[in-house]
Amino acid sequence: MEPVGGGGGDCRRPCSADPRSTYVLSNLAEVVERVLGFLPAKALLRVASVCRLWRECVRRVLRTQRRVTWISAAGRPGARHLDGHCLVRVLAEELENVQVLPQTALYMADSDSFVSLEECRGHKRARKRTSMEAAFALEKLFPKQCQVLGIVTPGIVVTPMGSGSNQPQEIEFGESGFALLFPQIEGIKIQPFHFVKDPKNLTLERHQLTKVAVCDDTVPGPPSQQSSLTEETITGLLDNPDLRVVLVFGYNCHKVGAGNYLQRVLSTFSDTNIIVAGGQVDKLLSLTSEKNPVDIDAIGVVGLSFSGHRIQSATVLLNEEVNDEKTAEAAMQRLKAANIPEQNTIGFMFACVGRGFQHYRDKANVEADTFRKFFPSVPLFGFFGNGEIGCDRIVTGNFILRKCNEVKDDDLFHSYTTIMALIHLGSSK
């Protein structure tokens with residue numbers, strides 16, 4: 001295909017030997033939309049500047065691409081590449097082909113491989129520099145308006161690309177990572193949040209949990225023709241009647257006071273009728289929704305909130321007594337009993353680093369395999385971390401909360417367990 005000329009020309013200008021074909025493509029938006037519907041999102045953004053007709057067609061095409069997609073990567077155990085982490089390499093290639101315009105991206109990568117050899121040898125300055133360089137390289141791959149949240153953890157749980165029915169993998173060692181790409185979804189708001197521990201002020205102000213953000217997604221084009229796809233108000237973690245799910249991650253958990261700070265943050269909203277799931281991770285590397293650079297040495301809490309009446313969600317806790325296939329299946333049956341629709345649903349698994357194949361007597365992938373048995377078409381993502389957050393809880397479509405038992409703040413924090421979660425983002429239209 002011949003490359004499109006730059007910016008703002010009239011697409012009615014003859015460009016074919018047959019003037020009738022030019023007339024059809026220039027005046028019938030339905031034909032133009034059908035042709036453009038075969039292009040990936042990045043190509044659509046480029047051709048949006050051709051003319052007003054194409055720009056409007058691009059807007060309509062992007063509005064139809066509302067399904068969550070993902071990009072995953074895994075390298076050989078022990079292998080290291082001079083050109084960076086496998087997730088950065090695969091993202092650079094695959095983002096050219098995805099058909100969704102991500103509004104929010106959540107990426108997770110393994111801690112050991114996301115850094116350079118110098119970091120593994122304990123050079124602190126090199127560790128900070130190389131980690132942030134990798135994160136910055138990854139952030140640049142996404143559209144400017146995309147809110148990117150990125151963390152690194154000891155191990156990764158990922159579903160290979162291609163189909164939600166692919167077998168999920170528990171990658172406890174070795175190079176691995178994934179990026180979940182959330183487009184704008186009608187009736188659903190996904191918003192990053194972030195709290196950093198301030199030694200001079202240990203109290204959380206209410207406005208920090210109720211603050212409002214405005215998202216403005218603009219289709220590229222000449223300034224006179226630019227238009228906003230969406231402009232909507234997004235509420236926070238308190239005073240938000242539409243809040244349904246909060247994924248929460250405490251980082252730098254090895255530092256003194258990190259655990260107490262995480263509990264303080266969660267206590268402010270954990271008693272509301274929402275799903276809370278997550279865990280403690282090694283580092284926060286990316287949060288593009290904030291103007292200031294990420295301080296990877298700070299203690300903090302980060303995550304994503306999911307708001308909207310169409311959302312359904314459920315979580316189950318696999319405690320220390322779940323240690324074989326039979327007991328894992330019993331726990332998964334509880335999750336299945338929530339009757340969460342499987343279409344347009346994402347699964348999350350947040351497990352302790354002490355579980356995995358060692359916990360199941362040298363049997364690998366037990367929990368991911370069990371999840372696939374009960375949810376054959378739901379993609380599964382997550383990590384192995386240093387503490388888990390969650391409980392048995394269900395939020396249904398009419399927002400009825402059912403608990404297996406009364407949950408206190410302390411009951412949300414666990415060790416040597418696994419949290420399994422489902423988040424349904426509404427029926428596809």
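Throughout, read-outs are computed from the coordinates displayed, never taken from laboratory work. Model, not experiment: these values are computed from the prediction. Every residue, glycine as well, gets a Cβ built from its backbone with ideal geometry; the counts of neighbours run over all protein chains shown.
Subtracting the Cα-Cα distance of Ala92 and His194 from 0.36 nm times their residue separation leaves 34.0 nm of extension gain.
Note that region 246-254 has calculated 3J(HN,Hα) couplings of 10, 8, 10, 9, x, 10, 6, 5, 6 Hz, one per residue in order, obtained from phi through the Karplus relation 6.51 cos²θ - 1.76 cosθ + 1.60 (θ = phi - 60°); glycine and proline are x. Per-residue extension of 0.36 nm, minus the Cα-Cα distance of Arg310 and Asp369, leaves a gain of 18.4 nm for this segment.
Net charge in the neighbourhood of Glu388 (other residues with Cβ under 12 Å of its Cβ; Lys, Arg +1, Asp, Glu -1) is -1.
In nm, what is the difference between 0.36 nm times the number of residues separating Lys291 and Thr272 and their Cα-Cα distance? Length gained, Lys291 through Thr272: 3.9 nm.
On a 23 Å Cα-Cα criterion, which of the cross-link pairs Lys189/Lys336; Lys326/Lys373; Lys189/Lys255; Lys140/Lys200 come out too long? Listed pairs above 23 Å: Lys189/Lys336; Lys189/Lys255; Lys140/Lys200.
Spin-label model, Ala298/Gln167: points 7 Å from Cα along the beta carbon direction are separated by 4.3 nm. Approximating the spin labels as points 7 Å out from Cα along Cα→Cβ, the Glu133-to-Asn339 distance works out to 5.5 nm. Counting Lys and Arg as +1 and Asp and Glu as -1 over every other residue whose Cβ lies under 13 Å from the Cβ of Ala277, the net charge comes to 0. Once you reduce region 259-328 and region 338-370 to the center of their Cα atoms, the two points are 17 Å from each other.
Please give the FRET efficiency for Glu30 paired with Arg67, using the beta carbon to beta carbon distance and R0 = 22 Å, rounded to the nearest 0.05. Here the calculated transfer efficiency is 0.50.
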